[in-house]
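Below: one structure, written as structure tokens.
The values are calculated or read from the model by the stated rules, or taken from the named source; none is laboratory data. What you see is a predicted model, and the numbers here were worked out from it, not measured in a lab. Glycine also receives a Cβ, built like all others from the backbone with ideal geometry; neighbour counts cover every protein chain displayed.
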Amino acid sequence: MTDSDESLGARFATALAEGDLERATEINRLVPLHDLMRQTVVAREEHSLTMTMELSDAVRGAAAGTIHGGILATFADVVAAAALTGAYDGESELPVTTDLHVRYYRQPRSGPLTAEARVVHRGRRLLSTECAITDAEARVLARTTATYMIVPF
């Protein structure tokens, strides 16, 4: 099997398992939106994952100095789903978001933004996460809880 034959999820999982965060970042950025958001994998532990994201005009809100709320929700969803890596069979299964609750607190003062997600529940088919997004000054911008269903593909 070649890289092109494996799913992105399986390739991402392999890179994380090998501790190759640079390769995991490259694979993650093969999704055009993730590349636009300039997401970078910076840390991985057994049940958690941390990524950063650049602040740029591509992700800003309607006013200068703001970030679009949907981008924060997307960032949290991506990082939380990535934190699930290894909790399911990446060769034949995929986590699908079934519920995402976002609490917004403030706009960033500076970037990059950091999202830290951790798995808080692992059932047979449902997994739950918590995620916090902070700015470069470690101010919490948003917190999320999410549930994912593991489905075969």
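Checking ILE27 against (1) among the β-branched types (Val, Ile, Thr); (2) touching an Asp or Glu at 6+ places or on another chain (Cβ under 6 Å); (3) in a helix (DSSP H, G or I), which single condition isn't satisfied? Single failed check for ILE27: (2).
Just need a number here: residues in region 89-122 that are touching a residue at least 40 places away in the same chain (Cβ under 8 Å) and either within 17 Å of ALA24 (Cα to Cα) or of a type outside the set (Ser, Thr, Tyr) (or both).
Filtering region 89-122 down to residues touching a residue at least 40 places away in the same chain (Cβ under 8 Å) leaves 90-103, 107-108, 110-119.
Among the residues that remain, those that are also either within 17 Å of ALA24 (Cα to Cα) or of a type outside the set (Ser, Thr, Tyr) (or both) are: 90-91, 93-96, 99-103, 107-108, 111-119.
Residues in region 89-122 being touching a residue at least 40 places away in the same chain (Cβ under 8 Å) and either within 17 Å of ALA24 (Cα to Cα) or of a type outside the set (Ser, Thr, Tyr) (or both): 22 in total.
Restricting VAL42, VAL59 to those that are under 14 Å from ALA115 (Cα atoms) and of a type in the set (A, V, I, L, M) reduces the list to VAL42.
Only residues that are out of contact with any Asp or Glu (no Cβ under 6 Å at 6 or more places or on another chain) and assigned to a strand (DSSP E or B): list them for region 119-140, please.
VAL119, HIS121, ARG122, LEU126, LEU127, SER128, THR129, GLU130, CYS131, ILE133, THR134, VAL140 - these are the residues of region 119-140 that are out of contact with any Asp or Glu (no Cβ under 6 Å at 6 or more places or on another chain) and assigned to a strand (DSSP E or B).
Residues in region 41-59 that are surrounded by 15 or more Cβ atoms within 10 Å (Cβ to Cβ) and free of Cβ contacts under 8 Å to residues at least 60 places away in the same chain were compared, and the one that is nearest to the chain's Cα centre (by Cα) is VAL41.
GLU6 - would you say it is surrounded by fewer than 16 Cβ atoms within 10 Å (Cβ to Cβ), modelled with pLDDT under 95 and of a type outside the set (A, V, I, L, M)? Considered against the rule, which asks whether it is surrounded by fewer than 16 Cβ atoms within 10 Å (Cβ to Cβ), modelled with pLDDT under 95 and of a type outside the set (A, V, I, L, M), GLU6 comes out as no. For region 93-148, the candidate set comprises residues that are small (Gly, Ala, Ser) and exposed (fewer than 13 other Cβ atoms within 10 Å of the Cβ); within that set, the residue that is modelled with the lowest pLDDT is SER110. In region 75-95 there is no residue matching the filter, namely being touching a Leu at 6+ places or on another chain (Cβ under 7 Å), part of a strand (DSSP E or B) and over 26 Å from SER7 (Cα atoms). Selection within region 76-92: residues that are of a type outside the set (Gly, Ala, Ser) and touching a strand residue (DSSP E or B) at 6+ places or on another chain (Cβ under 9 Å). The member of this set that is modelled with the lowest pLDDT is ASP89. Name the residue that is farthest from VAL119 (Cα to Cα), counting only residues in region 75-92 that are buried (at least 21 other Cβ atoms within 10 Å of the Cβ) and over 8 Å from the mean Cα position of the chain (by Cα). Going through the qualifying residues, I end up with GLY90.
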